[in-house]
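Derivation of every value follows stated rules applied to the coordinates shown; laboratory data play no part. Computed from a predicted structure; not experimentally measured. Positions of Cβ are generated from backbone atoms using ideal geometry, with glycine treated the same way; all protein chains shown enter the neighbour counts.
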Amino acid sequence: MLSYIVAGQLRRDYILPVTGKPCLDVPGGSLLYAAVGIAVWDKNIGLVARVGEDFPQKWLEDCGRRGFDRRGIRVLPTSLDLRRFIAFPTNGVRQSDGPVAHFASRGLPFPQELLDYTAPAPGLDSRTRLTDLSIRSSDLPPDYLDAACAHLCPLDYLTHSMLPSALRQGHATTITLDPSPGYMDPTFWDDIPAIVTGLTAFLTSEEKLRNLFQGRSDDLWEMAETIAGYGCELVVVKRGESGQYLYNHANHTRWSIPAYPARVVDPTGAGDAFCGGFLAGYHLTFEPLEAALYGNISASLVIEDSGAFYAMDSLPGLAQARLTALREMAQPA
């Protein structure tokens, strides 16, 4: 029986990390990184996503060999461009456009697979139209609804509007969600309460939260309290190398958690890995602060090398040792 299900996206990643060799056409996407964040601590994880028929079958088989249940990955009878380019220049700021210039600046040959690549233009999600990658409740195998915990990675507005209710019709008692930048916008202000109501945790980046609240507030704690007031138990603000803020609506407590001091090689997927670790930590302990610490450590393992599965091969006991050390660093805010 599955303990967790994760719904997200799969990608074909082309990454120029902070240090080390480029990673060209490797499996990635929010789904894998979040699932790995859970797998650092626990098992029995089902994956939910949509891909095209041109997505490498071997990668899907590798997920199965890694112990993930992949029956929730629907292969559509069409081709889908799932390429994603990510570069981390010397300033460490993630960039996703201008791949030719990034490869040239490092003296690297440009991969033919990216010759016609254009970074997706940022834009707002549709309130009425599903995309090919929108996850429908019908995509969930029936027994996935027996899982106690679910995490929704950044997906479009309609997916996040519909999927939680389908999960609640099953046995999911813990649902966490990382919002899409496509609706964390002032034009969606009145739609946010419906997304948030009933969630166990709303896990968002500082950038997305500030974008939603532009013109309304500059105080992250005030923003977190407002979101929690819509009917969400916990709000986490992911702040990159600055760590996380955790707001507990039940007792109005605030925690500031520094990022574990890991060696940064490739930050790709760190936020998703945090969300997965958070869900595992909450399921295993039912302690919000512990959940945030678990997520923090999952992220610390992911960023120390390239590749979604790297953290699963870390030394036995390393995650637990880091968790013990991090407990001493968290402070009430």
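Only the Cβ atoms of Lys and Arg (+1) and of Asp and Glu (-1) were treated as charged; on that basis the dipole of the chain about its Cα centre amounts to roughly 340 debye. Calculated FRET efficiency, Ser217 to Asp313, Cβ-Cβ distance, R0 = 30 Å: about 0.10 to the nearest 0.05. Contact order, relative form, for the chain: 18 percent (alpha carbon pairs under 8 Å, 6 or more residues apart, mean separation divided by residue count). Spin-label model, Leu24/Gln320: points 7 Å from Cα along the beta carbon direction are separated by 4.2 nm. Computed 3J(HN,Hα) for the stretch 225-241, one whole-Hz value per residue from the Karplus formula 6.51 cos²θ - 1.76 cosθ + 1.60 where θ = phi - 60°, is 5, 5, 4, 4, x, 7, x, 10, 5, 9, 10, 10, 9, 7, 10, x, 5, glycine and proline marked x. Taking chymotrypsin sites (Phe, Trp or Tyr not before Pro) across the stretch 274-324, the ones in a DSSP loop with at most 16 further Cβ atoms lying within 10 angstrom of their Cβ are Phe286. A Cβ-based charge dipole, computed about the Cα centre of the stretch 68-205 with Lys and Arg at +1 and Asp and Glu at -1, lands at about 200 debye. Straight Cα distances below 26 angstrom link Lys238 to the lysines Lys43, Lys208, with same-chain residues fewer than 8 positions distant left out. Taking 0.36 nm per residue of sequence separation and removing the Cα-Cα distance, the Phe286/Glu304 pair yields an extension gain of 3.7 nm. Between Glu328 and Asn251, full extension at 0.36 nm per residue minus the direct alpha carbon distance yields a gain of 25.6 nm.
Full extension of the segment from Met162 to Ala148, taken as 0.36 nm per residue of separation minus the current Cα-Cα distance, would add 3.2 nm.
Rank Ser138, Ser165, Ser96 by mean-square fluctuation in a GNM of the chain with C-alpha springs under 10 angstrom and give only the top-ranked residue. Greatest mean-square fluctuation among the candidates belongs to Ser138.
With the cut-off at under 17 Å, measuring from each backbone N in the stretch 2-36 to a point 7 Å along the Cα-to-Cβ line of Lys58 picks out 11-14, 23-28. On the basis of the beta-carbon distance and an R0 of 30 Å, Thr118 and Thr187 show a calculated FRET efficiency of 0.75.
Note on the chain: GNM, Cα springs under 10 Å; of Arg322, Arg129, Arg12, the largest mean-square fluctuation is that of Arg129. Within the shell of other residues whose beta carbon sits under 13 angstrom from the beta carbon of Ser138, the net charge comes to +2, with Lys and Arg scored +1 and Asp and Glu -1.
Per residue of the chain, the DSSP helices (runs of n ≥ 4 H) give a summed -39500 (n - 2.57) that works out to -9000 deg cm²/dmol at 222 nm.
Magnitude of the charge dipole for the stretch 27-109, about its Cα centre and with charges confined to Cβ atoms of Lys, Arg (+1) and Asp, Glu (-1), is about 140 debye. Springs between Cα atoms under 10 Å define the GNM used for the chain, and in it the highest mean-square fluctuation of Ile257, Ile45, Ile86 occurs at Ile86. Think of the chain as having a plus end and a minus end, set by charges on the Cβ of Lys, Arg, Asp and Glu; of Thr253, Ala119, Phe103, Phe103 sits farthest toward the positive end of this dipole.
Alpha-carbon geometry of the chain: the Rg and the Dmax are 18.7, 55 Å, given in that order.
Since only Pro316, Gly295, Val93 are under comparison, the one whose Cα sits farthest along the positive direction of the charge dipole of the chain, derived from C-beta charges on Lys, Arg, Asp and Glu, is Pro316.
Restricting attention to the stretch 204-313, which trypsin sites (Lys or Arg not before Pro) occupy a DSSP loop and are surrounded by at most 13 other Cβ atoms within 10 Å? Answer by residue number: Arg216, Arg263.
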